[in-house]
Amino acid sequence: MSYPYALFLVVMVAAAGLFAWQQHRLRIMRARIESSAAELQRLQQSCALLAPAGVVERLFSDGPESIAEHKVFTAMFTDMVGYTALSGRLDPQTLAGVLNGYFQLVSDSVVEHRGRVGTFLGDGILIFFGALEPNPWQCNDAVHAALAIRESLVRYNAELERTGLPRVAIGVGIHRGPGLAGLIGSRDRREYTVVGPTLNLAARVQALTREHGCDILLTESVREQLDPRFELAPMRAVPVKGIAEPVVTYAVLGAREEKARMKIAGTRDQV
Amino acid sequence: MASPLLDVSWDQCLLEPAPDRLAEAALRRETGSAPGWIRYFLSCPWLPKAAIRLGIDNKLLVHLDFPTVDLIALVVSRENACRYCYAVTRMALRVLGMSEERMQQLEQRLASGELEPKAAAAVRFARRMTRSTPLVAPEDLEPLRAVGFSEAAIRELAFCVACIAFFNRISTIPALPPQSWEQLADRWFTRLFRPVFARMVRGWRHRGQPTSFAQRPEGPFAEMLLQFEGSPIGPVLASTLEDLWASPILSRRSKALMFAVIGRGLGCRSSNKEIASALQAEGLTPDDAERILAHLGGPEMGADETALLAFARDTIWYEPIQIQRRARELRELLSPAQFVEAVGVVALANSLCRLRAALPRET
C-alpha cells in the first residue's frame, strides 16, 4: 500500500473513531439531561406535597424570596389539654401512639373542611383556612372543622377507653385577620406558612378555653363572618397579653342540623 | 410507558352509560357526531350536545393552531389531575405519530418549562387560568402579546383553557373510567392501524370560519359572549347557555345560585355582575342573594338545593378522589338526570367564570 493511501486510511479511521466517540458522548449527555429533567419533575411533584403547586412553580422560577404576600385568613390553634400529665403517665411508645391518633383525627377533620395544617408545635397544631386560595367561607369552614374535631374526639376517646388509656381533651381557638403568607424560615430551612398577630391571638384564645371551661372559642372577627345557624354563647371579655383591649370571645355550642348532607327520602322532586 | 397521572386516585364510575338510539341519532343529526361517551350524559339532553359542540377541534378555532391546543389540553388536564382527559389527549398525540419517547420528552419539557417562547407563554397562561389562585388579571395577558399572540388568538387560547377545564370536570366528577384510554395507545391493533387512526383523528379536526351571532346575546355572560363576536365560539357558547337555562331538570334558581357560588368562590366580580340579573329574575333580591351566598344556605332553601350549593363550591378546587366522594353523596340526594345536570352546570360555571375573568374588557 502506498503512503498516501495509508495516510488517507488512517485519517478516515481516526475521523470515524472521533465521530463515534462524539456520538457516544452525545448519547451520554442526552441521557443525563433526560435523567435530570425527570429528576426535576419528581422533585416538583414531591414539593407539591409541601406547598401549593403555584408556590412550587414560583420557587423554581423566581427563587424563595418571591413567595410572600399579605392575606386575610382564619387561623385555628388546637392544643391537647393535660398533655404534661399524660406524658408522665404513659410510656413513650404508647404516648406517641395516642399523639399520632390525635394528630390524624385533627388533620382529617381539617382537610375535610378545606383547611391546611400549618405546623405541629409539640401537642399543638396550627391550622389555616383561606391562606392558600381565596375562600369567602373560611370562617364557616374553620368552625365546621372544629366541630368535626370535637365529634371525632368522642369516638377516639371511646377507643382509648376500651384499651384502658386515659381520655384526651382539646382546646381550640379561632381568629380571623391579616397575615404574611410565604416561604418563611432560615436560609437552610423554610416552610410555606403564615405569620403575624392573627396567629398569636388564635393561640391566646385557645388558652382561654381553660379559663372559660369550654373547648372551642372564637373571636368577634370570626363571629361577624359566621353563618347564623351556628349556636354560640358569648363569654366575658378577658385581658390578653399583647392586646390593649380585653378580648371578647364566643364558645361554639354546635351547628343546627346540616340537612343538606342528610339523605332525606322523598325530596328528589323539590328541586 | 404509562401516563404520569396513573398514580391519581380515581373512584368507580358514578354514572351508568345508558344507550338511547333515538337520542343519539337526534344528536348525530344536530351536531354531526355521537361518540360513545355521551351515553353517560343522555339523561340531561343539553350536556351531551354542549360537549360535542364545545369540542375544540370542531370548527371553533380560527387563529390558534392545533399543536398549541394539544399542548394546552395536556397542561390543563394535568393541572386538574383529570386522568380521563389526559389519557385521551395523550392517546390522540400517540395516534397522530408522536412516539412514546417524544411524548415523554414533551412531558418533561412541560414540567421543566423548556419550551420555545410562544409555547412557554401559552403554557404559563393556561396554568394560571386553570389554577385561578388568584384569578388571572389583565397583566397576565401581556406575556402572550409580547410573544406575538393576537387579541383574537388570546381569546381563543382562553376559551381552549376554559373548554378543557369543562371536559375535565364532566369527566373527573363522575369518575368516567380512564383505563381503556390509558392503555389504548399501546394495544397491538392501535399500533398496527395507527396510520388509519391518524387519518381519522386528522379528519375530525376542522378549523372554524368567522361567524356572527344570529341575534345579540342576552342574559348572564352576554357581556363575555360579545367579545367572541365574529368567532364561531360565540354562537356555540350562547346556545349552550340558552339550553342550560331552558332545561327543566333543575330549577333555574338552583342553577343561577350554583353559578353565583362558583363566581364568588373564585372571587370573580365580573361573573357575579353577570349572574346578578339571573338571580333577580328568579325573585331573589340582592340582599336575599347575598345572605344565601354568604353562608351557602338559607331558610327558603330545601335540602337538595343546599347540597347543590355546597357541591358547586367544592368543584372550584379539588382533588379527584375527594370531589368524586362528594359527588357520590350528592348522587344519593338527586335523581340521575338531576345529578348529571348538576355536573354539567358546575363544569360550565367553573369554565365560564374563569373565562370571564380572563377576558375582562367591558363592551
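The values are calculated or read from the model by the stated rules, or taken from the named source; none is laboratory data. As the structure is a prediction and not an experimental result, all values here were calculated from the model. Ideal geometry is used to build each Cβ from the backbone, glycine not excepted, and the neighbour counts take in all protein chains shown.
Under the condition of being surrounded by 16 or more Cβ atoms within 10 Å (Cβ to Cβ), among the aliphatic types (A, V, I, L, M) and either without any contact (Cβ under 8 Å) to a residue 40 or more places away in the chain or away from chain B (no Cβ under 14 Å) (or both), the residues counted in region A:91-137 number 10. Scanning for something surrounded by fewer than 19 Cβ atoms within 10 Å (Cβ to Cβ), within 27 Å of residue B:336 (Cβ to Cβ) and out of contact with any helix residue (DSSP H, G or I) (no Cβ under 7 Å at 6 or more places or on another chain), does region B:237-245 turn up at least one residue? Looking for residues that are surrounded by fewer than 19 Cβ atoms within 10 Å (Cβ to Cβ), within 27 Å of residue B:336 (Cβ to Cβ) and out of contact with any helix residue (DSSP H, G or I) (no Cβ under 7 Å at 6 or more places or on another chain), one finds at least one in region B:237-245, hence yes.
Hey, any hits in region B:214-227 for a residue that's in a helix (DSSP H, G or I) and crowded, with 20+ Cβ neighbours inside 10 Å? There is at least one residue in region B:214-227 that is in a helix (DSSP H, G or I) and crowded, with 20+ Cβ neighbours inside 10 Å. Is it true that residue A:110 is under 21 Å from residue A:204 (Cα atoms) and either at pLDDT 95 or above or not aromatic (Phe, Trp, Tyr) (or both)? For residue A:110, the condition - under 21 Å from residue A:204 (Cα atoms) and either at pLDDT 95 or above or not aromatic (Phe, Trp, Tyr) (or both) - is met. So, of the residues in region B:165-213 that are touching a Leu at 6+ places or on another chain (Cβ under 9 Å) and of a type in the set (Val, Ile, Thr), which turns out to be nearest to residue B:119 (Cα to Cα)? By that ranking, first place goes to B:201.
Which one of these is in a strand (DSSP E or B), under 25 Å from the mean Cα position of the chain (by Cα), more than 14 Å from every other protein chain (Cβ to nearest Cβ) and of a type in the set (Gly, Ala, Ser): A:251, A:203, A:233?
On inspection, the qualifying residue turns out to be A:251.
Name the residues in region A:115-137 that are part of a loop (DSSP other than H, G, I, E, B) and modelled with pLDDT of 90 or more, would you? Matches in region A:115-137: A:115, A:130, A:135, A:136, A:137. Filtering region A:168-200 down to residues that are out of contact with any helix residue (DSSP H, G or I) (no Cβ under 8 Å at 6 or more places or on another chain) and part of a loop (DSSP other than H, G, I, E, B), which residue is surrounded by the most Cβ atoms within 10 Å (Cβ to Cβ)? Only one residue fits best here, namely A:196.
Can you name every residue in region B:298-312 that is under 27 Å from residue B:77 (Cα atoms) and surrounded by 23 or more Cβ atoms within 10 Å (Cβ to Cβ)?
Selection gives B:307, B:308, B:309, B:311, B:312.
Farther than 30 Å from residue A:70 by Cα and touching a Cys at 6+ places or on another chain (Cβ under 9 Å), is that true of residue B:177? Yes, satisfied.
Within the option set B:221, B:228, B:259, being closer than 20 Å to residue B:52 by Cβ and of a type outside the set (Asp, Glu) holds for one residue only, B:228. Where residues in region B:30-64 are in contact with a strand residue (DSSP E or B) (Cβ under 9 Å, 6 or more places away or on another chain) and in a helix (DSSP H, G or I), which of them is modelled with the lowest pLDDT? So the residue we want is B:31. Here residue B:153 passes the criteria (1) surrounded by fewer than 22 Cβ atoms within 10 Å (Cβ to Cβ); (2) outside any helix (DSSP H, G or I) except the one numbered (2). Report, by residue number, each residue of region B:104-120 that is in a helix (DSSP H, G or I) and away from chain A (no Cβ under 13 Å). Within region B:104-120, B:117, B:118, B:119 qualify. With the condition kept exactly as written, say whether any residue in region B:68-80 is touching a residue at least 60 places away in the same chain (Cβ under 8 Å), under 24 Å from residue B:157 (Cα atoms) and in contact with a His (Cβ under 8 Å, 6 or more places away or on another chain). Taking every residue of region B:68-80 in turn, none turns out to be touching a residue at least 60 places away in the same chain (Cβ under 8 Å), under 24 Å from residue B:157 (Cα atoms) and in contact with a His (Cβ under 8 Å, 6 or more places away or on another chain). Scoring residue B:252 on the criteria (1) within 13 Å of chain A (Cβ to nearest Cβ); (2) closer than 28 Å to residue B:141 by Cβ leaves a single failure, condition (2).
Results for (1) polar (S, T, N, Q); (2) over 21 Å from residue B:247 (Cα atoms); (3) away from every other protein chain (no Cβ under 14 Å), shown as yes or no for each residue.
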position	(1), (2), (3)
B:12	yes, yes, yes
B:34	no, no, yes
B:41	no, no, yes
B:48	no, no, yes
B:59	no, yes, yes
